[in-house]
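The block underneath contains the structure these notes are about, expressed in structure tokens.
The values are calculated or read from the model by the stated rules, or taken from the named source; none is laboratory data. Keep in mind it's a predicted model, so treat the numbers as computed, not measured. All Cβ positions, glycine included, derive from the backbone under ideal geometry; neighbour counts span all protein chains shown.
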Ligand SMILES: Nc1ncnc2c1ncn2[C@@H]1O[C@H](COP(=O)(O)OP(=O)(O)OP(=O)(O)O)[C@@H](O)[C@H]1O
Ligand SMILES: Nc1ncnc2c1ncn2[C@@H]1O[C@H](COP(=O)(O)OP(=O)(O)OP(=O)(O)O)[C@@H](O)[C@H]1O
Ligand SMILES: [Mg+2]
Ligand SMILES: [Mg+2]
């Protein structure tokens, strides 16, 4: 193994041989953080979307009005800040800040999940807002007319429909998350991209290293988008339905 | 300037004093690239969305069928690759690759616009796909029933409606773009984040530098989201309409 | 004339303006327990808007709605409860696109009325069968024909077991046979004490089913009275003109 | 009986199945130039599906559609041209939500027929006035009442100056007065040579306006004939039963 | 400012003091990552990989001499200072050069390595045979962002300075592509880089015709928290016991252990 490779793929083979295991472990960390971050991020996004969309009607009790208004202002600030600042800065402030000021010693990978969730949540909440607007107003009216509260309307009628239309956004969010984990190396999370940089720092062969890294990213995102397409098709439901025959009606 | 500041804001003042002009120039570059990148990215996204959604009907002429199929495969590959690989790698390959292999000497800032456009376009096309699905099928049928082709249906009926619902995505895209320009540093674009890192490297005062940088980012994104909200409200149209009086009807 | 004890719904000085377009003008109107009121009138005269205001889906620009003598205030909780008791069938159906037919009719009983799943199912099935949609419980709204959607919408409203039902053209998409069946259902419900306000374009339906007919024109109630009165001896010129086609048949 | 020269539309062995649900069964049917055909039948009998198949909005599972003797093949260009000539008014209107009323009626003439803007506007205004919607040209679809939407939908289809028009319950949301007016418009169009197929639940409308009536039941054409024949002396038991409510009035 | 409450290195019960060191583990031959503990590599905290290189060897010796237990943390360059100030690590040993500005934020130990400054160019370019800065007149040059090398670029006559780039490997790509005529690098890492990229060549200047720099800029030192004199003294005591010859011998040995040369 002592000779230095001559060709592109010779280098690729050498680097993969030496760093393959590390790349795989890095991929594991990336996937772990990105998957959890996207899931929590979506949850945050939906919750924020609901809060932002809660109407403050004239007749609402004062205390409740105040509470709604406060939480709306709070989530607006949250969204603006987390959408508006680089995730690397957020990571530095949350991780090192909490250590310096509060003395918390967070485990980097969990801190990473937290930061990514908050970040994805901020973007997602905007998408959710768009998704809610795009649902026909008649659906809201139908739900209200049977006495559903705003919250019930959201949970049972609007969000399930918005969710289906938001799957491409969730896909985008996950794909972004996979790549955004790379900034977490400032808080010493060693994910895939950092492993790539490490290999570069050792071998000084940029294209060869990032050829491997990009292939791994591509595989992850490709599999994700296929899975989400399947989910879409599943949510669209069967084209078919069975008629219940009169004879069976009694049983139901 | 020679004395070492004691407080956080002392450092902030010192750094701003020293690097303020650079930060502003960096902001200019960031805005230029992000704005153009988002605009072209959206155009790409809409075009790709249309191509991906073009149905291949049984009766279509063979040549045309082939053409549609080819362009669909082509855009799918484009989307997968540009969504699936880190933008920094794309930048390296496009900028240095074109120089090394083709001898093109691109101007970094235009190369940056190109790369960001391609990247945003890939994400946007997924959003557009989601936006198109969420438009009521009746709209497509209405358009088809008056003899519109698939393309006309998209241009005159579906996309204008999808566009309105996609504004939050476009906002997200622009905000991401503003921050993603930071990776363009690998092709020597000196945008805001790069200026920040430069300032950090000199004084090692990360929090202070990134406090300033984050404030600038926040301002940019805040203004953007407000502007887009205004656009949304504008597109929703006036709540009001004027009845045309019988007397005036003749004139029209 | 008005038996205040039995007044279920009352509308006072109700006005609704969209922009500078006055759609309802100072409407006074009351509904007594057990009444079946038909609202007729030209397209665009404000019938749907009246129902929507009564159900608080539009906030009236002026005036108040009283339910059992109590003014309905714009408090979310109160309005939700009110709406559960005052159901509505929409002109455009508004079935929940994400639920199958059965679920569409169950969700209200389950989530709003807090009934058990089996009770809600029982209830939903009863009314779906009543409107002849028992066979379609597994279909999704977009798989139904116009008339089928309309019938599901009616069943959904009925499954809430409301006190008052507001129908916005409940038979517009139905064939005469089906209209007859729905008319039977409505009569039966009326006998069971359900109060109903029905916007309709089918004069025969209005004549046969209702205890009182309200004729609306350009945002005001032009004339109201018993079916015999309105169809037999309309007073206003507008009413006469409007009904001329029907009565000449 | 069939004058092949004048056959505008012909449907042969048309079948349509959704999943394992057979909605149309081997339909044969032809429309001659200048005819006004009413299609009646129970809810869910397949009337809308028939129109949608004729207009190729649903791909038939079997059978063919002929227009002026030429089979309509599933080629995008050909179908678009065919649809421009064979218009359709939907049961659910399907107005373009992003356009005002005027634009809704202009866009077809402008973009499909390639007329100039002023010509298209002229055309749109003519038909909008005809259906009494001239005053509403600046409104957006969601600001219209049900009947107003329906009238705009009719105007939109007419503004394409089609050869054949397929109407899916064109008067379901209209009051009797308006029904009368639309009937006038339809008669006038018939006189001008427009061929029409009208799905309707209004038997009086069918009787008064059409040259031929088709009764559909469970996906097949149960009976067809002149209005006198169908309403006066129906042969099939199903037809008799279906019409009993109407004829007993 | 809250770092003051921490006593360093931390004492935990009866166990040995722990000496926590941060580095990128991505900068051969000073520090790199490898998959096993061959050559005496040290495990990286929170990971199953190992770190080795000249910096790691230094850290090992410092820890050993003081009786501390060594922990190596792999942290991105931009995170190192933050980690130090947040008391996540006690020292940065990452090939860091000493500048006046940096000294305002951290304290530096004595130098533990000094190298020459060289340039890297394409092997078939006219500059491959250069011997003085004058030969680079008017060339397109840049170097790694936030390094002392960036500050030297203006010394090249009429230089066309390009913005600094993030990592060495990116800069090498830029030089190979022709976007740059050359880049400045420390001699030590330059030879490693050229080893991996035979189409590049190192230009070493003749005495007095090269860059003019202070000793600190060309030297590497350990960084500790400002005011943490206890740790600093302990480190300095160990470092001062190495002679220049010891260092050269060690570096020569380590360069041969680089993964590239295995
Ligand atoms: N997309 C679909 N998937 C499955 N079944 C469908 C679909 N569209 C319609 N159907 C079924 O086909 C049958 C005929 O529907 P169609 O809309 O043609 O009825 P119709 O005669 O127009 O009834 P109506 O008078 O109520 O409008 C109905 O039973 C309906 O449930
Ligand atoms: N959101 C709105 N904004 C502006 N105008 C509206 C809005 N909704 C309804 N209108 C107008 O109010 C008037 C009354 O509408 P409404 O729907 O109450 O009529 P309607 O009596 O139900 O008619 P139809 O019988 O046609 O359903 C119409 O002229 C309509 O254009
Ligand atoms: Mg109405
Ligand atoms: Mg139908």
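For this structure, a couple of remarks:
- Counting only strands (runs of 3 or more DSSP E) that sit completely within the stretch D:28-109, those holding 3 or more residues that are under 16 Å from the mean Cα position of the chain (by Cα) and either within 16 Å of ligand 1 (Cβ to nearest atom) or closer than 15 Å to residue D:8 by Cα (or both) correspond to D:36-41, D:86-89.
- Residue match in the stretch B:50-62 (condition: more than 23 Å from the chain's Cα centre (by Cα), under 30 Å from residue D:60 (Cα atoms) and assigned to a helix (DSSP H, G or I)): yes
- Selection from the stretch C:66-89 of residues that are without any contact (Cβ under 8 Å) to a residue 24 or more places away in the chain and out of contact with any helix residue (DSSP H, G or I) (no Cβ under 7 Å at 6 or more places or on another chain): C:70, C:71, C:73, C:74, C:75, C:77, C:78, C:79, C:81
- Residue check for residue A:170: under 25 Å from residue B:171 (Cβ atoms) and more than 9 Å from every other protein chain (Cβ to nearest Cβ): yes
- Number of the condition not met by residue C:181 [criteria: (1) within 10 Å of another protein chain (Cβ to nearest Cβ); (2) farther than 26 Å from residue D:148 by Cα; (3) within 13 Å of the chain's Cα centre (by Cα)]: (3)
- Selection from the stretch C:28-57 of residues that are more than 22 Å from residue D:173 (Cβ to Cβ), within 16 Å of ligand 2 (Cβ to nearest atom) and more than 14 Å from every other protein chain (Cβ to nearest Cβ): C:29
- Residue that is within 9 Å of chain B (Cβ to nearest Cβ), in a helix (DSSP H, G or I) and farther than 28 Å from residue B:167 by Cα, where the choices are A:101, A:89, A:93: A:93
- Taken as a whole, the structure leaves residue D:190 outside the set of residues that are more than 10 Å from chain C (Cβ to nearest Cβ), surrounded by 22 or more Cβ atoms within 10 Å (Cβ to Cβ) and not in a loop (DSSP other than H, G, I, E, B).
- For the stretch C:151-168, the count of residues that are buried (at least 24 other Cβ atoms within 10 Å of the Cβ), within 23 Å of residue A:245 (Cβ to Cβ), near ligand 1 (Cβ under 10 Å from one of its atoms) and facing chain D (nearest Cβ under 9 Å) is at least one.
- Filtered residue count, the stretch D:208-220, keeping only those that are within 11 Å of chain C (Cβ to nearest Cβ) and surrounded by fewer than 18 Cβ atoms within 10 Å (Cβ to Cβ): 1
- Close pairs from the stretch A:54-80: first free of Cβ contacts under 8 Å to residues at least 24 places away in the same chain, partner part of a loop (DSSP other than H, G, I, E, B), Cβ under 6 Å, at least 6 apart: A:57/C:74; A:58/C:74; A:59/C:73; A:59/C:74; A:59/C:75; A:65/A:56; A:68/A:54; A:68/A:56
- In summary, residue E:99 fulfils each of the numbered conditions (1) under 23 Å from the mean Cα position of the chain (by Cα); (2) without any contact (Cβ under 8 Å) to a residue 24 or more places away in the chain; (3) in a loop (DSSP other than H, G, I, E, B) with the single exception of condition (2).
- Number of residues in the stretch D:169-178 that are touching a residue at least 40 places away in the same chain (Cβ under 8 Å), within 16 Å of ligand 4 (Cβ to nearest atom) and at the interface with chain C (Cβ under 9 Å from one of its Cβ atoms) equals 2.
- For residue E:103: the one exception among (1) surrounded by fewer than 21 Cβ atoms within 10 Å (Cβ to Cβ); (2) more than 11 Å from every other protein chain (Cβ to nearest Cβ); (3) out of contact with any helix residue (DSSP H, G or I) (no Cβ under 7 Å at 6 or more places or on another chain): (2)
- Note on the stretch C:8-27: residues that are under 16 Å from residue C:222 (Cβ atoms) and either within 16 Å of ligand 1 (Cβ to nearest atom) or within 13 Å of another protein chain (Cβ to nearest Cβ) (or both) total 3.
- Enumeration of residues in the stretch A:123-142 that are more than 7 Å from every other protein chain (Cβ to nearest Cβ) and in contact (Cβ under 8 Å) with a residue 12 or more places away in the chain: A:124, A:125, A:128, A:131, A:132, A:135, A:140
- Selection status of residue D:108, away from chain C (no Cβ under 14 Å) and either within 16 Å of ligand 3 (Cβ to nearest atom) or within 24 Å of residue B:137 (Cα to Cα) (or both): yes
- Residue in the stretch D:161-183 that is within 11 Å of ligand 2 (Cβ to nearest atom), touching a strand residue (DSSP E or B) at 6+ places or on another chain (Cβ under 8 Å) and part of a helix (DSSP H, G or I) present: no
- Qualifying residue in the stretch A:128-143 (condition: out of contact with any helix residue (DSSP H, G or I) (no Cβ under 6 Å at 6 or more places or on another chain) and outside any helix (DSSP H, G or I)): yes
- Matching option when the condition is away from ligand 3 (no atom under 16 Å from the Cβ), at pLDDT below 95 and closer than 28 Å to residue A:235 by Cβ, among C:98, C:74: C:98
- Total residues in the stretch D:204-217 satisfying the condition of being within 16 Å of ligand 4 (Cβ to nearest atom) and not in a strand (DSSP E or B): the figure is 2.
- For the stretch A:229-240, the condition holds for at least one residue, the condition being that it is in contact with a strand residue (DSSP E or B) (Cβ under 9 Å, 6 or more places away or on another chain) and within 14 Å of chain D (Cβ to nearest Cβ).
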